[in-house]
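Below are the C-alpha coordinates for one structure; questions will follow.
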Amino acid sequence: MIQFDLIRPQSIEEACDFLNENVEESKIKAAGISLLILLKQNLFRPKYLINLEGIPGLRYIKEGNNGSLCLGPLTTHRDVETSPVIAHNVYILKEMVLDLGSVQVRNRGTVGGCLCHSEPLSDVPPVMVALGGEAKCVSVLGKRTIPFADFFLDYYETALRPSEILTEITIPKIPPRTGCAYIKHTLRKAMDKPYVAVAVYLQLENQEPVCRDVRVVLGAIGPTPFRARQVEQALLKQRINESVIDSAAEQMSFDGIDIVYDMRCPEEYKKDVSPVIIKRAIKTALNRAVAG
Amino acid sequence: MKESISININGKDYRLEVESNRLLVDVLREDLGLRGTKISCGIGVCGACTVLLDGKAVNSCLVLAVDVAGERITTIEGLALGNQLHPLQEAFVDCGAIQCGFCTPGMILSAKALLDENPQADEFDIRRAIAGNLCRCTGYTKIIEAIKSQSLSE
(Lines give C-alpha, C1' and ligand atoms only; values in the text may rest on other atoms or scores of the structure.)
Protein backbone atom coordinates (compact mmCIF):
# COMPACT_ATOMS: atom_id res chain seq x y z
CA MET A 1 0.00 0.00 0.00
CA ILE A 2 1.14 3.56 -0.57
CA GLN A 3 3.34 5.22 1.99
CA PHE A 4 1.97 8.12 3.97
CA ASP A 5 2.78 10.10 7.08
CA LEU A 6 0.22 9.63 9.82
CA ILE A 7 -0.29 12.94 11.56
CA ARG A 8 -1.70 12.84 15.08
CA PRO A 9 -3.09 16.23 16.12
CA GLN A 10 -4.07 16.57 19.76
CA SER A 11 -6.94 18.94 19.04
CA ILE A 12 -9.30 19.96 16.26
CA GLU A 13 -7.47 23.31 16.03
CA GLU A 14 -4.18 21.55 15.44
CA ALA A 15 -5.87 19.32 12.84
CA CYS A 16 -7.34 22.35 11.05
CA ASP A 17 -3.98 24.14 11.03
CA PHE A 18 -2.16 21.20 9.53
CA LEU A 19 -4.94 20.52 7.05
CA ASN A 20 -4.97 24.15 5.96
CA GLU A 21 -1.23 24.15 5.34
CA ASN A 22 -1.22 20.85 3.47
CA VAL A 23 -4.65 20.80 1.95
CA GLU A 24 -3.62 19.39 -1.45
CA GLU A 25 -1.79 16.43 0.03
CA SER A 26 -3.88 15.52 3.06
CA LYS A 27 -6.87 13.37 3.88
CA ILE A 28 -8.78 13.24 7.14
CA LYS A 29 -8.93 9.81 8.77
CA ALA A 30 -11.39 8.57 11.38
CA ALA A 31 -11.18 4.76 11.79
CA GLY A 32 -10.39 4.73 8.10
CA ILE A 33 -12.28 1.63 7.04
CA SER A 34 -13.63 3.19 3.85
CA LEU A 35 -10.47 5.23 3.37
CA LEU A 36 -8.20 2.18 3.53
CA ILE A 37 -10.23 0.40 0.86
CA LEU A 38 -9.62 3.36 -1.50
CA LEU A 39 -5.92 3.48 -0.59
CA LYS A 40 -5.55 -0.26 -1.18
CA GLN A 41 -7.03 0.28 -4.64
CA ASN A 42 -4.56 3.11 -5.31
CA LEU A 43 -7.40 5.46 -6.15
CA PHE A 44 -5.54 8.37 -4.62
CA ARG A 45 -2.25 8.89 -2.85
CA PRO A 46 -2.36 11.38 0.00
CA LYS A 47 0.99 12.24 1.51
CA TYR A 48 -0.58 12.84 4.91
CA LEU A 49 -3.37 11.14 6.78
CA ILE A 50 -4.63 13.36 9.57
CA ASN A 51 -5.77 10.97 12.26
CA LEU A 52 -8.68 12.33 14.28
CA GLU A 53 -8.91 9.26 16.51
CA GLY A 54 -6.47 10.56 19.11
CA ILE A 55 -8.39 13.79 19.67
CA PRO A 56 -10.45 13.58 22.86
CA GLY A 57 -14.08 14.58 22.95
CA LEU A 58 -15.17 13.57 19.45
CA ARG A 59 -17.05 10.40 20.31
CA TYR A 60 -20.31 11.06 22.13
CA ILE A 61 -24.10 10.88 21.97
CA LYS A 62 -25.83 13.56 23.98
CA GLU A 63 -28.83 15.80 24.17
CA GLY A 64 -28.32 19.33 22.87
CA ASN A 65 -30.42 22.48 22.88
CA ASN A 66 -34.19 22.12 22.64
CA GLY A 67 -34.08 18.34 22.96
CA SER A 68 -31.92 17.90 19.88
CA LEU A 69 -29.54 14.95 19.56
CA CYS A 70 -25.82 15.64 19.12
CA LEU A 71 -23.33 13.06 17.89
CA GLY A 72 -19.59 13.42 17.81
CA PRO A 73 -18.14 12.54 14.40
CA LEU A 74 -16.16 9.62 15.80
CA THR A 75 -19.27 7.97 17.24
CA THR A 76 -19.21 4.45 15.86
CA HIS A 77 -22.16 2.74 14.22
CA ARG A 78 -22.00 0.29 17.14
CA ASP A 79 -22.36 3.19 19.60
CA VAL A 80 -25.53 4.20 17.73
CA GLU A 81 -26.76 0.59 17.70
CA THR A 82 -26.42 0.18 21.45
CA SER A 83 -27.47 3.65 22.60
CA PRO A 84 -30.60 3.71 24.77
CA VAL A 85 -30.97 7.46 24.08
CA ILE A 86 -31.14 6.85 20.35
CA ALA A 87 -33.40 3.81 20.70
CA HIS A 88 -35.84 5.93 22.64
CA ASN A 89 -35.65 9.31 20.93
CA VAL A 90 -34.54 8.73 17.32
CA TYR A 91 -35.41 5.10 16.68
CA ILE A 92 -34.97 5.42 12.89
CA LEU A 93 -31.21 5.78 13.47
CA LYS A 94 -31.11 2.47 15.30
CA GLU A 95 -33.38 0.87 12.72
CA MET A 96 -30.98 1.94 9.99
CA VAL A 97 -27.76 0.97 11.75
CA LEU A 98 -28.99 -2.51 12.79
CA ASP A 99 -28.57 -3.65 9.21
CA LEU A 100 -25.46 -1.64 8.38
CA GLY A 101 -22.51 -3.82 7.48
CA SER A 102 -21.49 -6.33 10.12
CA VAL A 103 -20.54 -6.23 13.79
CA GLN A 104 -16.91 -5.86 12.72
CA VAL A 105 -17.71 -2.87 10.48
CA ARG A 106 -19.96 -1.27 13.08
CA ASN A 107 -17.30 -1.59 15.79
CA ARG A 108 -14.92 0.59 13.77
CA GLY A 109 -16.91 2.62 11.25
CA THR A 110 -17.91 6.10 12.37
CA VAL A 111 -21.01 8.17 11.61
CA GLY A 112 -18.84 11.15 10.65
CA GLY A 113 -16.58 9.11 8.42
CA CYS A 114 -19.54 7.53 6.67
CA LEU A 115 -21.23 10.89 6.04
CA CYS A 116 -18.06 12.52 4.72
CA HIS A 117 -17.45 9.53 2.45
CA SER A 118 -20.78 10.25 0.72
CA GLU A 119 -21.16 6.92 -0.97
CA PRO A 120 -24.34 6.53 -3.06
CA LEU A 121 -25.27 3.12 -1.59
CA SER A 122 -24.69 4.17 2.01
CA ASP A 123 -27.46 3.89 4.63
CA VAL A 124 -26.67 6.88 6.81
CA PRO A 125 -27.08 9.88 4.43
CA PRO A 126 -30.76 9.42 3.50
CA VAL A 127 -31.70 9.10 7.18
CA MET A 128 -29.82 12.28 8.09
CA VAL A 129 -31.61 14.15 5.29
CA ALA A 130 -35.00 12.82 6.40
CA LEU A 131 -34.35 13.90 9.99
CA GLY A 132 -33.38 17.42 8.94
CA GLY A 133 -29.97 16.93 10.53
CA GLU A 134 -27.10 19.38 10.29
CA ALA A 135 -23.34 19.11 10.03
CA LYS A 136 -21.20 21.41 12.16
CA CYS A 137 -17.85 22.05 10.52
CA VAL A 138 -14.68 23.86 11.44
CA SER A 139 -11.68 25.21 9.54
CA VAL A 140 -9.04 27.91 10.12
CA LEU A 141 -11.62 30.32 8.66
CA GLY A 142 -14.10 29.57 11.41
CA LYS A 143 -17.21 27.50 12.02
CA ARG A 144 -20.27 26.89 9.95
CA THR A 145 -23.30 24.63 9.85
CA ILE A 146 -24.42 22.78 6.72
CA PRO A 147 -27.86 21.13 6.63
CA PHE A 148 -27.55 17.54 5.42
CA ALA A 149 -30.11 18.44 2.77
CA ASP A 150 -27.27 20.46 1.19
CA PHE A 151 -24.34 18.35 2.33
CA PHE A 152 -24.13 15.59 -0.29
CA LEU A 153 -23.14 17.03 -3.66
CA ASP A 154 -22.16 13.99 -5.68
CA TYR A 155 -20.80 10.52 -5.17
CA TYR A 156 -17.81 10.79 -2.81
CA GLU A 157 -18.21 14.57 -2.79
CA THR A 158 -19.64 16.69 -0.02
CA ALA A 159 -20.11 20.40 0.57
CA LEU A 160 -17.17 20.35 3.00
CA ARG A 161 -14.36 22.56 1.76
CA PRO A 162 -11.02 20.76 1.46
CA SER A 163 -9.77 22.50 4.62
CA GLU A 164 -12.89 21.77 6.68
CA ILE A 165 -13.47 19.10 9.29
CA LEU A 166 -16.86 17.76 10.41
CA THR A 167 -17.02 18.19 14.19
CA GLU A 168 -20.62 17.41 15.14
CA ILE A 169 -23.85 15.97 13.79
CA THR A 170 -27.05 17.44 15.20
CA ILE A 171 -30.56 16.16 14.77
CA PRO A 172 -33.51 18.34 15.79
CA LYS A 173 -35.95 16.96 18.30
CA ILE A 174 -38.67 14.89 16.68
CA PRO A 175 -42.01 16.53 17.51
CA PRO A 176 -45.02 14.60 18.81
CA ARG A 177 -47.30 12.92 16.25
CA THR A 178 -44.28 12.24 14.06
CA GLY A 179 -43.27 8.83 12.75
CA CYS A 180 -39.99 8.00 11.04
CA ALA A 181 -39.05 4.83 9.21
CA TYR A 182 -36.12 3.50 7.20
CA ILE A 183 -36.53 0.60 4.82
CA LYS A 184 -33.49 -0.85 3.13
CA HIS A 185 -34.43 -3.10 0.25
CA THR A 186 -31.86 -5.84 -0.22
CA LEU A 187 -31.80 -9.28 -1.73
CA ARG A 188 -29.58 -10.83 0.92
CA LYS A 189 -30.55 -10.98 4.57
CA ALA A 190 -27.29 -9.43 5.69
CA MET A 191 -24.13 -7.82 4.41
CA ASP A 192 -25.81 -6.09 1.51
CA LYS A 193 -25.97 -2.51 0.45
CA PRO A 194 -29.46 -1.28 -0.41
CA TYR A 195 -30.83 -1.67 -3.91
CA VAL A 196 -33.32 1.03 -2.93
CA ALA A 197 -33.45 2.80 0.44
CA VAL A 198 -36.30 4.96 1.67
CA ALA A 199 -36.24 7.16 4.78
CA VAL A 200 -39.51 8.81 5.77
CA TYR A 201 -40.29 11.56 8.27
CA LEU A 202 -44.06 12.05 8.65
CA GLN A 203 -45.62 14.59 11.00
CA LEU A 204 -49.39 14.57 11.53
CA GLU A 205 -51.66 17.29 12.85
CA ASN A 206 -52.40 17.12 16.56
CA GLN A 207 -55.82 15.53 16.44
CA GLU A 208 -56.34 14.31 12.90
CA PRO A 209 -54.22 11.96 10.78
CA VAL A 210 -53.63 14.83 8.39
CA CYS A 211 -50.10 15.30 7.10
CA ARG A 212 -48.53 18.45 8.47
CA ASP A 213 -44.97 17.87 7.26
CA VAL A 214 -43.27 15.09 5.36
CA ARG A 215 -39.90 14.14 3.95
CA VAL A 216 -39.51 11.10 1.71
CA VAL A 217 -35.84 10.55 0.97
CA LEU A 218 -34.51 8.00 -1.47
CA GLY A 219 -31.07 6.50 -1.21
CA ALA A 220 -29.10 4.10 -3.42
CA ILE A 221 -30.67 5.54 -6.56
CA GLY A 222 -29.06 8.87 -7.38
CA PRO A 223 -25.45 9.75 -6.62
CA THR A 224 -26.77 11.42 -3.48
CA PRO A 225 -29.96 11.03 -1.41
CA PHE A 226 -32.85 12.98 -2.90
CA ARG A 227 -36.31 13.96 -1.79
CA ALA A 228 -39.24 12.50 -3.69
CA ARG A 229 -41.01 15.86 -3.97
CA GLN A 230 -43.94 14.59 -6.02
CA VAL A 231 -44.68 11.94 -3.40
CA GLU A 232 -44.42 14.52 -0.63
CA GLN A 233 -46.77 16.93 -2.42
CA ALA A 234 -49.34 14.17 -2.76
CA LEU A 235 -49.26 13.63 1.03
CA LEU A 236 -49.09 17.17 2.40
CA LYS A 237 -52.31 18.37 4.00
CA GLN A 238 -54.02 15.09 3.06
CA ARG A 239 -55.82 12.79 5.44
CA ILE A 240 -53.37 9.90 5.34
CA ASN A 241 -54.69 6.42 4.77
CA GLU A 242 -53.61 3.40 2.78
CA SER A 243 -55.10 4.52 -0.50
CA VAL A 244 -53.63 8.04 -0.23
CA ILE A 245 -50.23 6.45 0.43
CA ASP A 246 -50.56 4.07 -2.51
CA SER A 247 -51.51 6.86 -4.83
CA ALA A 248 -48.76 9.18 -3.54
CA ALA A 249 -46.10 6.51 -4.05
CA GLU A 250 -47.16 6.17 -7.65
CA GLN A 251 -46.29 9.86 -8.16
CA MET A 252 -42.63 8.95 -7.77
CA SER A 253 -40.74 10.39 -10.71
CA PHE A 254 -37.14 9.87 -11.72
CA ASP A 255 -37.00 12.85 -14.09
CA GLY A 256 -33.75 14.67 -13.65
CA ILE A 257 -32.24 11.91 -11.51
CA ASP A 258 -29.01 10.46 -12.83
CA ILE A 259 -29.43 6.88 -11.64
CA VAL A 260 -26.12 5.68 -10.30
CA TYR A 261 -24.59 2.62 -11.91
CA ASP A 262 -25.15 -0.43 -9.70
CA MET A 263 -23.68 -3.62 -11.08
CA ARG A 264 -26.18 -5.73 -9.17
CA CYS A 265 -29.30 -4.62 -11.03
CA PRO A 266 -30.46 -2.58 -14.04
CA GLU A 267 -31.95 0.91 -13.60
CA GLU A 268 -35.41 -0.45 -14.37
CA TYR A 269 -35.29 -2.61 -11.27
CA LYS A 270 -34.62 0.37 -9.00
CA LYS A 271 -37.40 2.36 -10.72
CA ASP A 272 -39.93 -0.50 -10.49
CA VAL A 273 -39.19 -1.33 -6.86
CA SER A 274 -39.05 2.24 -5.53
CA PRO A 275 -42.81 2.88 -5.26
CA VAL A 276 -43.22 -0.43 -3.39
CA ILE A 277 -40.58 0.47 -0.81
CA ILE A 278 -41.90 4.03 -0.57
CA LYS A 279 -45.37 2.70 0.27
CA ARG A 280 -44.02 0.38 2.95
CA ALA A 281 -41.91 3.10 4.54
CA ILE A 282 -44.73 5.65 4.64
CA LYS A 283 -47.13 3.09 6.10
CA THR A 284 -44.63 2.19 8.82
CA ALA A 285 -44.04 5.88 9.56
CA LEU A 286 -47.79 6.49 9.73
CA ASN A 287 -48.29 3.69 12.26
CA ARG A 288 -45.53 5.14 14.40
CA ALA A 289 -46.89 8.69 14.12
CA VAL A 290 -50.33 7.54 15.23
CA ALA A 291 -48.95 5.45 18.06
CA GLY A 292 -47.26 8.61 19.37
CA MET B 1 7.19 6.62 8.34
CA LYS B 2 8.35 3.99 10.82
CA GLU B 3 6.86 4.01 14.29
CA SER B 4 7.63 2.17 17.48
CA ILE B 5 4.48 0.79 19.13
CA SER B 6 3.52 -1.47 22.03
CA ILE B 7 0.63 -3.86 21.58
CA ASN B 8 -0.68 -6.55 23.90
CA ILE B 9 -1.50 -9.64 21.86
CA ASN B 10 -3.05 -12.68 23.53
CA GLY B 11 -1.90 -11.43 26.90
CA LYS B 12 1.69 -10.80 25.89
CA ASP B 13 3.25 -7.36 25.40
CA TYR B 14 5.13 -6.75 22.17
CA ARG B 15 7.28 -3.80 21.14
CA LEU B 16 7.27 -3.45 17.35
CA GLU B 17 8.78 -1.17 14.71
CA VAL B 18 6.24 -0.80 11.93
CA GLU B 19 5.61 1.51 9.01
CA SER B 20 2.45 3.62 9.36
CA ASN B 21 0.88 1.94 6.35
CA ARG B 22 1.12 -1.65 7.67
CA LEU B 23 -2.19 -3.38 8.25
CA LEU B 24 -2.77 -5.14 11.55
CA VAL B 25 -3.47 -8.43 9.75
CA ASP B 26 -0.10 -8.30 7.99
CA VAL B 27 1.80 -7.44 11.18
CA LEU B 28 0.13 -10.35 12.99
CA ARG B 29 0.84 -12.83 10.23
CA GLU B 30 4.24 -11.73 8.99
CA ASP B 31 5.96 -9.96 11.86
CA LEU B 32 4.62 -12.19 14.63
CA GLY B 33 4.02 -15.43 12.74
CA LEU B 34 0.42 -15.61 13.98
CA ARG B 35 -1.11 -17.03 10.83
CA GLY B 36 -4.38 -18.19 12.33
CA THR B 37 -5.88 -14.87 11.22
CA LYS B 38 -6.61 -15.17 7.50
CA ILE B 39 -6.64 -12.72 4.60
CA SER B 40 -9.44 -13.18 2.10
CA CYS B 41 -11.39 -10.24 0.66
CA GLY B 42 -9.22 -7.41 1.97
CA ILE B 43 -12.21 -5.05 2.02
CA GLY B 44 -13.90 -5.90 5.30
CA VAL B 45 -16.82 -8.02 4.10
CA CYS B 46 -15.78 -11.65 4.62
CA GLY B 47 -14.56 -11.60 8.23
CA ALA B 48 -11.75 -14.11 7.73
CA CYS B 49 -9.39 -11.53 9.24
CA THR B 50 -11.52 -11.01 12.36
CA VAL B 51 -9.60 -10.38 15.58
CA LEU B 52 -10.80 -8.99 18.90
CA LEU B 53 -9.73 -5.44 19.71
CA ASP B 54 -10.35 -4.91 23.40
CA GLY B 55 -12.90 -7.71 23.20
CA LYS B 56 -14.72 -6.35 20.15
CA ALA B 57 -14.68 -8.06 16.78
CA VAL B 58 -12.99 -6.02 14.03
CA ASN B 59 -11.71 -6.71 10.51
CA SER B 60 -7.94 -6.55 10.91
CA CYS B 61 -7.47 -6.04 7.15
CA LEU B 62 -8.86 -2.53 7.61
CA VAL B 63 -6.98 -1.57 10.76
CA LEU B 64 -3.60 0.12 10.67
CA ALA B 65 -1.25 -1.57 13.13
CA VAL B 66 -0.17 1.82 14.48
CA ASP B 67 -3.80 2.59 15.30
CA VAL B 68 -3.93 -0.17 17.93
CA ALA B 69 -0.83 0.86 19.86
CA GLY B 70 -1.53 0.34 23.53
CA GLU B 71 -4.58 -1.87 22.92
CA ARG B 72 -5.31 -5.53 23.68
CA ILE B 73 -5.68 -7.82 20.70
CA THR B 74 -6.95 -11.39 20.83
CA THR B 75 -6.28 -13.70 17.89
CA ILE B 76 -7.40 -17.31 17.51
CA GLU B 77 -4.06 -18.41 18.89
CA GLY B 78 -5.00 -16.78 22.17
CA LEU B 79 -7.96 -19.03 22.92
CA ALA B 80 -6.42 -22.40 23.72
CA LEU B 81 -4.44 -22.87 26.92
CA GLY B 82 -1.51 -25.03 25.86
CA ASN B 83 -3.15 -28.19 24.52
CA GLN B 84 -6.47 -27.42 26.12
CA LEU B 85 -8.87 -26.06 23.50
CA HIS B 86 -11.26 -23.26 24.38
CA PRO B 87 -14.86 -24.55 24.86
CA LEU B 88 -15.91 -22.78 21.65
CA GLN B 89 -13.17 -24.57 19.73
CA GLU B 90 -14.25 -27.90 21.25
CA ALA B 91 -17.84 -27.17 20.30
CA PHE B 92 -16.90 -26.45 16.69
CA VAL B 93 -15.03 -29.77 16.55
CA ASP B 94 -17.79 -31.74 18.27
CA CYS B 95 -20.57 -30.28 16.10
CA GLY B 96 -18.75 -30.82 12.82
CA ALA B 97 -18.72 -27.06 12.21
CA ILE B 98 -15.32 -27.10 10.46
CA GLN B 99 -14.74 -28.16 6.86
CA CYS B 100 -11.85 -26.37 5.20
CA GLY B 101 -11.31 -24.35 8.36
CA PHE B 102 -10.52 -21.06 6.64
CA CYS B 103 -13.44 -19.12 8.12
CA THR B 104 -13.12 -20.83 11.48
CA PRO B 105 -10.74 -18.52 13.34
CA GLY B 106 -12.81 -15.45 12.47
CA MET B 107 -16.05 -17.29 13.15
CA ILE B 108 -14.93 -18.44 16.60
CA LEU B 109 -13.69 -14.99 17.57
CA SER B 110 -16.98 -13.38 16.50
CA ALA B 111 -18.77 -16.01 18.57
CA LYS B 112 -16.52 -15.35 21.55
CA ALA B 113 -17.12 -11.60 21.33
CA LEU B 114 -20.87 -12.26 21.25
CA LEU B 115 -20.99 -14.68 24.17
CA ASP B 116 -18.63 -12.58 26.31
CA GLU B 117 -21.04 -9.67 25.92
CA ASN B 118 -24.28 -11.66 25.86
CA PRO B 119 -23.87 -15.11 27.44
CA GLN B 120 -27.54 -15.86 26.80
CA ALA B 121 -27.47 -15.12 23.09
CA ASP B 122 -30.25 -16.84 21.16
CA GLU B 123 -30.19 -18.03 17.56
CA PHE B 124 -31.18 -14.62 16.23
CA ASP B 125 -28.36 -12.93 18.16
CA ILE B 126 -25.92 -15.57 16.90
CA ARG B 127 -26.91 -15.11 13.27
CA ARG B 128 -26.53 -11.33 13.61
CA ALA B 129 -23.15 -11.72 15.28
CA ILE B 130 -21.69 -13.90 12.53
CA ALA B 131 -23.34 -12.05 9.62
CA GLY B 132 -19.91 -10.60 8.85
CA ASN B 133 -18.19 -14.01 8.71
CA LEU B 134 -18.68 -15.81 5.42
CA CYS B 135 -18.35 -19.57 5.08
CA ARG B 136 -18.28 -21.20 1.67
CA CYS B 137 -18.25 -24.79 2.92
CA THR B 138 -20.68 -25.53 5.67
CA GLY B 139 -23.91 -23.66 5.03
CA TYR B 140 -23.66 -22.28 8.59
CA THR B 141 -26.02 -24.79 10.25
CA LYS B 142 -23.40 -26.61 12.29
CA ILE B 143 -21.59 -23.38 13.06
CA ILE B 144 -24.75 -21.94 14.60
CA GLU B 145 -25.33 -25.21 16.45
CA ALA B 146 -21.81 -25.10 17.87
CA ILE B 147 -22.16 -21.52 19.07
CA LYS B 148 -25.64 -22.21 20.46
CA SER B 149 -24.24 -25.12 22.47
CA GLN B 150 -22.04 -22.59 24.31
CA SER B 151 -24.83 -20.14 24.94
CA LEU B 152 -26.63 -20.20 28.28
CA SER B 153 -29.94 -19.55 26.52
CA GLU B 154 -32.38 -22.47 26.67
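With +1 on each Lys and Arg Cβ and -1 on each Asp and Glu Cβ, how big is the dipole of the protein assembly as shown about its Cα centre, in debye rounded to the nearest 20?
In total the dipole reaches around 520 debye.
Once the whole set of protein chains is in place, how much accessible area is left on A:Asp262, using a 1.4 Å probe, in Å² to the nearest 10?
Spelled out: A:Asp262, probe radius 1.4 Å, area about 10 Å².
In deg cm²/dmol and to the nearest 500, what is the mean residue ellipticity at 222 nm of the protein assembly as shown if only DSSP H runs of at least 4 residues count, each as -39500 (n - 2.57), divided by the residue total?
Value at 222 nm, helices only: -8500 deg cm²/dmol.
Can you give the accessible area of B:Met1 in Å² (nearest 10), computed on protein heavy atoms with a 1.4 Å probe?
70 Å²
What percentage of the solvent-accessible surface of the protein assembly as shown, computed with a 1.4 Å probe over protein heavy atoms, is contributed by carbon and sulfur atoms?
48 percent
Specify whether the C-alpha gyration tensor of region B:84-134 places it in the rounded, prolate or oblate class, a ≥ b ≥ c being the square roots of the eigenvalues: rounded for a/c under 1.5, otherwise prolate if a/b is larger than b/c and oblate if not.
Oblate is the answer for region B:84-134, as a/c is 1.5 or above yet b/c matches or exceeds a/b.
Counting alpha carbon pairs within less than 8 Å and at least 6 residues apart, what relative contact order, in whole percent, applies to region B:1-103?
In percent, rounded to a whole number, it is 29.
To continue, here is another question. Could you please put A:Tyr155, A:Tyr269, A:Tyr261, A:Tyr182 in sequence from largest to smallest accessible area, using a 1.4 Å probe?
Ranked list, largest accessible area first: A:Tyr261, A:Tyr155, A:Tyr269, A:Tyr182.
Let me ask something else about it. With a cut-off of at most 15 other beta carbons within 10 Å, and DSSP calling the residue loop, which trypsin sites (Lys or Arg not before Pro) in region A:1-61 qualify? Please list them.
A:Lys47
Just the number please: accessible area per residue for region A:25-162, 1.4 Å probe, all protein chains included, in Å².
I get 40 Å² per residue for this part.
Pull out a ≥ b ≥ c, the square roots of the eigenvalues of the alpha-carbon gyration tensor of region A:140-229, then state rounded if a/c is under 1.5, prolate if not and a/b is larger than b/c, and oblate in the remaining case.
Taking the square roots of the gyration eigenvalues as a ≥ b ≥ c, region A:140-229 is oblate.
Given region A:30-111 reduced to its alpha-carbon atoms as identical point scatterers, what log10 I(q)/I(0) does the Debye formula return at q = 0.13, 0.18, 0.24, 0.26 Å⁻¹?
Here the Debye-derived log intensity ratios amount to -0.48, -0.82, -1.15, -1.25.
Let me ask something additional. Have a look at A:Asn89, A:Asn241, A:Ile146 and report the one farthest towards the positive end of the charge dipole of the protein assembly as shown, computed about the Cα centre with Cβ charges (Lys/Arg +1, Asp/Glu -1).
It is A:Asn241, whose Cα lies furthest towards the positive end.
Ok, one more. Could you tell me which residue out of B:Gln99, B:Ile130, B:Ile73 lies farthest along the dipole of region B:50-154 toward its positive end? Charges go on the beta carbon: Lys and Arg +1, Asp and Glu -1, centred on the Cα centre.
Of the options given, the answer is B:Gln99.
Note down the accessible area of A:Tyr91, probe 1.4 Å, to the nearest 10 Å².
90 Å²
Excluding residues on the same chain fewer than 8 positions from B:Lys12, give the aspartates and glutamates whose Cα lies under 20 Å from its Cα.
Those aspartates and glutamates meeting the cut-off are B:Glu3, B:Asp26, B:Glu30, B:Asp31, B:Asp54, B:Asp67, B:Glu71, B:Glu77.
Give the lysines whose C-alpha is closer than 24 Å to that of A:Lys143, dropping any in the same chain fewer than 8 places away, or say none.
Output for A:Lys143: A:Lys27, A:Lys29, A:Lys62, A:Lys173.
For the protein assembly as shown, just say rounded, prolate or oblate: build the C-alpha gyration tensor, square-root its eigenvalues into a ≥ b ≥ c, call rounded for a/c under 1.5, and beyond that prolate if a/b exceeds b/c, oblate if not.
Oblate.
In percent, how large is the relative contact order of region A:80-238, given Cα pairs closer than 8 Å and 6 or more residues apart?
Relative contact order here is 23 percent.
I would also like to ask the following. Between B:Ile39 and A:Gln41, what FRET efficiency follows from the Cβ-Cβ distance if R0 is 22 Å, with the result rounded to 0.05?
So the FRET efficiency works out to roughly 0.90.
Here's something else I'd like to know. Do me a favour and compute the ellipsoid semi-axes for region A:209-292 from its Cα gyration tensor, root of five times each eigenvalue, largest one first, whole Å.
25, 12, 11
So, one more: Could you order A:Glu232, A:Glu242 so the one with the most accessible surface comes first? Probe is 1.4 Å.
The ranking, largest first, comes out as A:Glu242, A:Glu232.
How large is the charge dipole for region B:73-154, taken about the Cα centre, if only the Cβ atoms of Lys, Arg (+1) and Asp, Glu (-1) carry charge, to the nearest 20 debye?
320 debye
Hey, quick one: spin label on A:Leu236, modelled 7 Å out along Cα-Cβ, who in region A:139-158 has an amide N within reach, i.e. under 19 Å?
Flagged as within label range: A:148-150.
Which percent of Cα-Cα pairs in region B:1-150 sits in each 5 Å bin, short to long?
Percent of Cα pairs in each bin: 2, 10, 20, 23, 20, 13, 8, 4, 1, 0.
Another question, if that's okay. Report the Cα centroid-to-centroid distance between region A:42-94 and region B:63-80 in angstrom, as an integer.
24 Å
The values are calculated or read from the model by the stated rules, or taken from the named source; none is laboratory data. Here the structure is a predicted model, which means the values were calculated and not measured. Positions of Cβ are generated from backbone atoms using ideal geometry, with glycine treated the same way; all protein chains shown enter the neighbour counts. Note: accessible area is taken over every heavy atom of the protein model, side chains too, but ligands, DNA and RNA are not part of it. Shrake-Rupley method; radii C 1.70, N 1.55, O 1.52, S 1.80 Å.
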